[in-house]
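Peer 1: Quick one: the structure is below, questions incoming.
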Amino acid sequence: MRLKAQVFILAVLVVFSSCSKNDSRAVTVNTNGIAPYQYYQDSSMWNKIFGNSEPFVIPKNIIPSSIMIPHHDIAIANQNSYYSALNAVVNPSVVVIISPDHFERGKNIITFPKQTVFKAPEGDLEVDYELISKIAENDELKNSISLQDDLWYEEHGIFSHTPFIKHYFKNAKIVPVVLKMLSTDHEFEQYKKLGTLLAELLPSSSFVVASVDCSHYQVPLVTGFHDYVTINTIMRFEDPRYAEIDSPESITALLSYNNALGAVNPVLLHQSSTYDFIPQEFVESTSHLYISFYKDSADLKDSLNTFYADVKNTKQRAKKINNEKRAQTLFFAGSGKTGAGIRKTWEWDRYNTSKDPAENLLKPLAGKEARFLYGFDALIFDPMPGTVYERTLHGTKLTVKTISQDDYDSFYKEETKPYAGPILKIKQKPEVKVLEVVLTGSKTIAPRDQIKALLKTFDVIIFRDDEGKKDGMLYCNKSDLEEIEEVNLGICHGQGSIKGNVAFINFDGEDINLCTLPYQSDDGIIPSIHQFIPDDENAAPVVELAPGDREN
């Protein structure tokens with residue numbers, strides 16, 4: 001379902017500029033009031049795009065209320081596959097396209113066109129300015145909205161979709177809207193109101209598109225873990241501000257719209273990333289999700305059963321989400337005191353004004369726009385002994401207990417003593433439990449038999465030295481529960497030369513997926529870990545610590 005060679009090569013040429021502040025179009029048109037399109041005026045290119053990919057397999061006989069789809073130009077063949085499949089079930093009178101304001105030109109947090117002409121290879125699209133006026137006049141939103149014509153000519157979040165809308169939904173009017181990036185709590189409340197208002201004002205034949213790309217600036221391994229979080233967040237209608245996507249604002253409006261309509265049945269049709277098109281280990285990757293949202297209907301269950309059976313015979317990476325299973329994606333660092341503790345997310349210190357010592361210390365690790373640390377459900381660094389961290393996310397309770405090594409012996413005896421009470425058959429809610437032991441003095445870590453005993457209670461056990469003199473160690477069960485995974489986390493903050501591994505663990509029901517990234521540093525602080533293509537691809541690889549290879 002990929003483009004043929006000519007189209008694919010052109011897509012690759014623009015991949016690294018598609019979501020930056022550089023114009024990603026083949027031809028630059030700096031004309032206010034005109035919105036061109038990808039591969040502007042190249043009709044032969046668009047004929048190949050429309051004709052060279054098969055439609056996606058999608059649920060039959062049910063109409064989605066909205067979709068999430070990328071604007072990353074390397075994925076243009078899959079975009080066509082999605083739209084061509086939708087053409088068989090959707091005949092919208094109005095299509096709303098919600099995108100991030102990539103170039104930050106909106107004078108307010110929500111921006112609509114005033115009298116812009118949106119072009120497509122097969123003719124201009126008609127904009128529903130009457131509907132835009134109604135939205136702009138809303139008492140709750142009018143102070144948050146601007147009408148402008150000076151930003152659309154290079155807003156690829158919009159113009160990447162207009163050719164498909166014109167081709168597949170020939171009579172549909174469009175309502176383009178861009179939302180401010182890096183918004184405040186109050187502004188996110190306005191996006192929720194926008195979604196609710198769209199549900200009130202749009203005719204029943206309308207269709208909403210959220211034009212959103214996912215993980216950015218990461219190597220494919222990291223992208224995959226970040227996408228676990230994004231999928232679990234969106235498919236469960238949770239706060240998208242904690243997912244590593246380029247526009248949690250757009251997804252906030254989309255989820256609000258779907259909630260208002262009762263379209264609370266999302267289906268993940270496909271997922272991909274730059275790696276699928278450029279299969280290199282260190283390629284700087286952007287990822288893509290294709291999700292449809294459906295209302296309850298008599299045909300929904302049967303249609304979905306048929307879809308999941310049919311899609312197995314395709315190259316689509318559809319995934320059925322079981323909300324009853326545990327779902328957590330966690331990050332772990334080694335020994336040393338960073339002051340980061342345990343965090344649910346990581347703020348991007350865009351203007352270098354942060355007074356948070358941990359944010360300043362770990363800025364290289366956080367990476368571009370802090371996205372490396374932005375894409376996990378929890379970041380577990382160096383909580384103080386006595387800390388008990390609890391929260392529930394994705395229907396799964398996470399508990400992290402941190403104790404001193406002095407308290408370890410009595411804690412171990414209490415946690416592993418036989419249970420003498422009555423056997424109660426109680427359905428356990430999804431849960432992930434982490435035990436962190438802070439090393440002291442010259443004492444050593446626990447024997448292997450103690451680790452095995454504790455892993456009957458805890459999913460992850462960490463031994464860590466706050467002083468950064470002993471390597472941190474991580475233990476967890478493998479998915480079959482018969483063997484133990486052991487990772488030398490090493491030192492993340494110490495003196496002089498240090499080395500170690502950061503660990504990522506994804507819990508998906510009973511499946512446990514653990515991966516590590518090794519590092520070494522000469523300045524005593526964990527460095528940036530391959531978050532973008534190395535400047536010197538021929539540089540010597542970092543040294544990975546062997547399990548149990550500890551240094552004093």
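The values are calculated or read from the model by the stated rules, or taken from the named source; none is laboratory data. Quantities reported herein were computed from a predicted structural model and do not represent experimental measurements. Every residue, glycine among them, receives a Cβ derived from its backbone with ideal geometry; neighbour counts consider all protein chains shown. Keep in mind that these areas ignore ligands, DNA and RNA; they rest on the heavy atoms of the full protein, side chains included. Shrake-Rupley method; radii C 1.70, N 1.55, O 1.52, S 1.80 Å.
Peer 1: If you place +1 on the Cβ of every Lys and Arg, -1 on the Cβ of every Asp and Glu, and leave all else neutral, what size is the dipole of region 177-332 about its Cα centre, to the nearest 20 Debye? Please list the in-between numbers first.
Peer 2: Details: 14 positive and 19 negative charges, 90 e Å.
For region 177-332, the charge dipole is close to 440 debye.
Peer 1: Kirkwood hydrodynamic radius for region 337-418: how many Å is it when counted over pairs of different Cα atoms? Display every interim value, and only then the final one.
Peer 2: Details: mean 1/r = 0.0678 Å⁻¹.
Here the Kirkwood hydrodynamic radius works out to 14.7 Å.
Peer 1: Something else about it: With N residues in region 46-173, what two-decimal value do you get for its Cα radius of gyration over 2.2 N^0.38 Å? Could you put the intermediate results ahead of the total?
Peer 2: Numbers: Rg = 15.4 Å, N = 128, 2.2 N^0.38 = 13.9 Å.
Rounded to two decimals, the normalised Rg is 1.11.
Peer 1: Averaged across orientations, what area in nm² does the convex hull of the alpha carbons in region 233-377 project? Walk me through the numbers before you get to the answer.
Peer 2: Numbers: hull surface 46.9 nm².
Taking a quarter of the hull surface, the average projection is 11.7 nm².
Peer 1: Additional query: Any idea of the accessible area per residue across the chain, 1.4 Å probe, to the nearest Å²? Don't skip to the answer; put the middle values down first.
Peer 2: Working: 23550 Å² over 552 residues.
Value returned for the chain: 43 Å² of accessible area per residue.
Peer 1: Taking Lys312 as the anchor, which lysines have their alpha carbon closer than 20 Å to its alpha carbon, excluding any fewer than eight residues away along the same chain?
Peer 2: Lys60, Lys301, Lys320
Peer 1: Can you compute the charge dipole magnitude of region 271-322 about its Cα centre, using +1 on each Lys and Arg Cβ and -1 on each Asp and Glu Cβ, nothing else charged? Give it in debye, rounded to the nearest 20. Spell out each step's value before the answer.
Peer 2: Working: 7 positive and 7 negative charges, 35 e Å.
About 160 debye.
Peer 1: Can you pull out the GluC sites (Glu not before Pro) in region 445-516 whose DSSP state is coil and whose Cβ has at most 13 other Cβ atoms within 10 Å?
Peer 2: Here the GluC sites (Glu not before Pro) that fit, given the DSSP loop and packing criteria, are Glu482, Glu483, Glu510.
Peer 1: Any idea what % of Cα-Cα pairs in region 123-192 are farther than 21 Å?
Peer 2: Values: 861 of 2415 pairs.
Summing the P(r) tail past 21 Å for region 123-192 gives 36 percent.
Peer 1: Follow-up question, since we're still on this one. Which one, Val57, Gly224, Leu254, projects farthest toward the positive side of the charge dipole computed for the chain from Cβ point charges (K/R +1, D/E -1)?
Peer 2: Of the candidates, Val57 comes out farthest on the positive side.
Peer 1: Additional query: So how do 223-233, 135-145 stack up, highest first, on mean other-Cβ count within 10 Å?
Peer 2: So the peptides 223-233, 135-145, ranked by packing, come out 223-233, 135-145.
Peer 1: Over the Cα atoms, compute the radius of gyration (one decimal) and Dmax (the largest Cα-Cα distance, rounded to a whole number) for region 134-235, in Å.
Peer 2: My reading of the Cα-based Rg and Dmax gives 16.3, 46 Å.
Peer 1: Among Ser211, Val94, Ser297, pick out the residue whose Cα is farthest towards the positive end of the charge dipole of the chain, where Lys and Arg carry +1 and Asp and Glu carry -1 on C-beta, about the Cα centre.
Peer 2: Ser297
Peer 1: In what sequence, highest mean first, do 325-333, 86-94, 404-412 appear when ranked by Cβ atoms within 10 angstrom? Working shown, then result.
Peer 2: Values: 325-333: 23.4, 86-94: 17.4, 404-412: 15.1.
Listed from highest to lowest mean packing, they are 325-333, 86-94, 404-412.
Peer 1: Summarise the accessible area of the chain (1.4 Å probe, protein heavy atoms) by the percent that is carbon and sulfur.
Peer 2: On the way: 11250 of 23550 Å².
Answer for the chain is 48 percent, counting heavy atoms of protein chains only.
Peer 1: Can I ask one more? Once you wrap a convex hull around the alpha carbon atoms of region 227-267, what is its projected area averaged over all directions, in nm²? Let's see the in-between values first.
Peer 2: Working: hull surface 10.5 nm².
In nm², the orientation-averaged hull projection of region 227-267 is 2.6.
Peer 1: I would also like to ask the following. Take the residue pairs Lys368/Lys469; Lys337/Lys363; Lys452/Lys478; Lys114/Lys166; Lys319/Lys433 and return only those whose Cα atoms are more than 23 Å apart.
Peer 2: Working: Lys368/Lys469 29 Å; Lys337/Lys363 15 Å; Lys452/Lys478 12 Å; Lys114/Lys166 20 Å; Lys319/Lys433 26 Å.
Pairs exceeding 23 Å: Lys368/Lys469; Lys319/Lys433.
Peer 1: Tell me the mean residue ellipticity at 222 nm calculated for the chain from its helices only (DSSP H runs of n ≥ 4, each -39500 (n - 2.57), averaged over every residue, nearest 500). Mind dumping the intermediate values first?
Peer 2: Values: 16 runs with 140 residues, N = 552.
Helices in the chain give a 222 nm mean residue ellipticity of -7000 deg cm²/dmol.
Peer 1: Let me ask something else. Please name which of Pro121, Ser44, Leu197 has its Cα lying farthest along the dipole of the chain towards the positive end, using unit charges on Cβ (Lys, Arg +1; Asp, Glu -1) and the Cα centre as origin.
Peer 2: Toward the positive end, the furthest listed residue is Leu197.
Peer 1: If you don't mind, there's one more thing I want to ask. Rounded, prolate or oblate, given the Cα gyration tensor of region 349-476, with a/c below 1.5 counting as rounded? The partial results should precede the final answer.
Peer 2: Details: a/c = 2.77, a/b = 1.47, b/c = 1.88.
Note, shape of region 349-476 comes out oblate.
Peer 1: About the Cα centre of region 288-377, what is the dipole size in debye to 20, counting +1 per Lys and Arg Cβ and -1 per Asp and Glu Cβ, all else neutral?
Peer 2: The dipole of region 288-377 has a size of about 260 debye.
Peer 1: If you don't mind, there's one more thing I want to ask. Under a straight-distance cross-link criterion of Cα-Cα below 15 Å, which aspartates and glutamates are reachable from Lys499, leaving out those fewer than 8 residues away in the same chain?
Peer 2: Within the straight-line cut-off, Lys499 pairs with Asp465, Glu467, Asp471, Asp522, Asp523, Glu544, Asp549, Glu551.
Peer 1: Within the chain, which complete DSSP H helices have Cα atoms spanning at least 18 Å along the helix axis and a mean Kyte-Doolittle hydropathy of 0.5 or higher?
Peer 2: Details: long enough: 185-201 (24 Å, -0.65); 220-235 (22 Å, 0.64); 248-261 (20 Å, 0.27).
TM-like helix candidates: 220-235.
Peer 1: Run the quick spin-label model on Thr440 and Asn87: label points 7 Å from Cα toward the beta carbon, then report their separation in nm to one decimal.
Peer 2: The answer from the label model is 7.0 nm.
Peer 1: Here's a follow-up. Report, to one decimal in Å, the Kirkwood hydrodynamic radius for region 48-114 based on all distinct Cα pairs. Please report the intermediate quantities before stating the final value.
Peer 2: Working: mean 1/r = 0.0703 Å⁻¹.
Hydrodynamic radius (Kirkwood, Cα pairs) of region 48-114 is 14.2 Å.
Peer 1: What are the aspartates and glutamates whose alpha-carbon lies under 13 Å from the alpha-carbon of Lys315, with same-chain residues fewer than 8 places away excluded?
Peer 2: Glu54, Asp276
Peer 1: Convert 20 °C to kelvin, take the viscosity as 1.002 mPa s, use the Kirkwood radius over C-alpha pairs of the chain as Rh, and evaluate the Stokes-Einstein diffusion coefficient in µm²/s, rounded to a whole number. The partial results should precede the final answer.
Peer 2: Details: Rh = 25.1 Å.
Value of D from the Cα-based Kirkwood radius: 85 µm²/s.
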